[in-house]
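Reading through the structure tokens given below for one structure.
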Amino acid sequence: MSQHLPFSEVQALPRLKKACQSLGVTLDDSQYASLLDYLALLHRWNRTYNLTAIRDVDKMLVQHLFDSLSVVPTFQAELVSRETSVVLDIGSGAGLPGVVISIVMPNIQVICVDAVEKKTAFIQHAASMLKLGNLKAVHGRIEAIEKVNCDIAVSRAFSSLDDFVSLAGRHVKVGGSILAMKGKLPDDEIAAMQQTAWKITSIDSLQVPELDAQRCLVHFRRTQEEA
């Protein structure tokens with residue numbers, strides 16, 4: 001499959017390769033092509049269905065694609081010793097970072113959940129068009145869907161840390177983790193967190209290629225079994 005970007009692939013591909021190189025993410029030609037095809041699909045659907053507030057494809061490349069790629073090294077490190085892994089992307093929107101992770105890490109299963117049906121319909125369409133057998137979209141609210149039992153639950157600007165952990169926790173298996181992608185260090189959200197079965201173990205600064213903005217990744221581990 002080959003989608004058409006509103007700017008030349010000759011321009012986009014070198015930037016994508018450079019971004020991956022700076023992040024330490026190694027891809028083959030088919031994966032680069034799939035990422036750009038996904039971007040083209042997103043840009044086309046967005047004109048009709050308003051999947052994301054970002055409409056400029058150049059900004060989509062950086063703020064969606066590169067931003068999602070910035071967490072891939074963490075996922076690879078977390079899942080390196082597991083034969084089979086499941087990642088749950090909560091409040092996935094148009095599939096960010098879930099679709100990107102499914103392309104870059106084809107050996108893991110990715111489940112993207114969103115309460116907006118047009119967004120999960122787009123993700124399912126992308127999975128079909130890009131032949132991503134490891135990607136599944138689920139329409140529904142995270143508190144209402146069947147328990148997933150995933151290795152990692154991730155969100156990208158889904159909600160406050162407190163709300164995210166309280167909603168995601170039941171879906172994560174013992175030994176798994178919760179990862180929250182955020183902008184600047186969310187000191188107010190950290191201070192507002194209630195006593196839960198999860199605690200913050202680290203906060204990593206994310207360096208997103210071509211993006212002059214603060215980004216961080218908050219790691220949670222389970223400290224006790226939830227009721």
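The values are calculated or read from the model by the stated rules, or taken from the named source; none is laboratory data. Note that the structure is predicted; figures quoted are calculated from it, not measured. No Cβ is skipped: glycine too gets one built from the backbone with ideal geometry, and neighbour counts run over all protein chains shown.
Observations, loosely collected:
- Hits in segment 50-77 (condition: under 16 Å from PHE122 (Cβ atoms), in a helix (DSSP H, G or I) and of a type in the set (Ser, Thr, Tyr)): SER68
- Just one of the numbered conditions (1) part of a loop (DSSP other than H, G, I, E, B); (2) of a type outside the set (D, E, K, R); (3) surrounded by fewer than 24 Cβ atoms within 10 Å (Cβ to Cβ) is not true of SER166: (1).
- Matching entry among ILE178, ILE152, ILE145 (being of a type outside the set (Asp, Glu) and either surrounded by fewer than 17 Cβ atoms within 10 Å (Cβ to Cβ) or in a helix (DSSP H, G or I) (or both)): ILE145
- Tally of residues being surrounded by fewer than 24 Cβ atoms within 10 Å (Cβ to Cβ), touching an Asp or Glu at 6+ places or on another chain (Cβ under 9 Å) and either small (Gly, Ala, Ser) or in a loop (DSSP other than H, G, I, E, B) (or both) across segment 108-137: 2
- One residue from LEU41, LEU35 being under 14 Å from the mean Cα position of the chain (by Cα), farther than 30 Å from THR201 by Cα and not aromatic (Phe, Trp, Tyr): LEU35
- Tallying residues that are at pLDDT 90 or above and either on the phi > 0 side of the Ramachandran plot or in contact with an Asp or Glu (Cβ under 7 Å, 6 or more places away or on another chain) (or both) within segment 190-210 yields 2.
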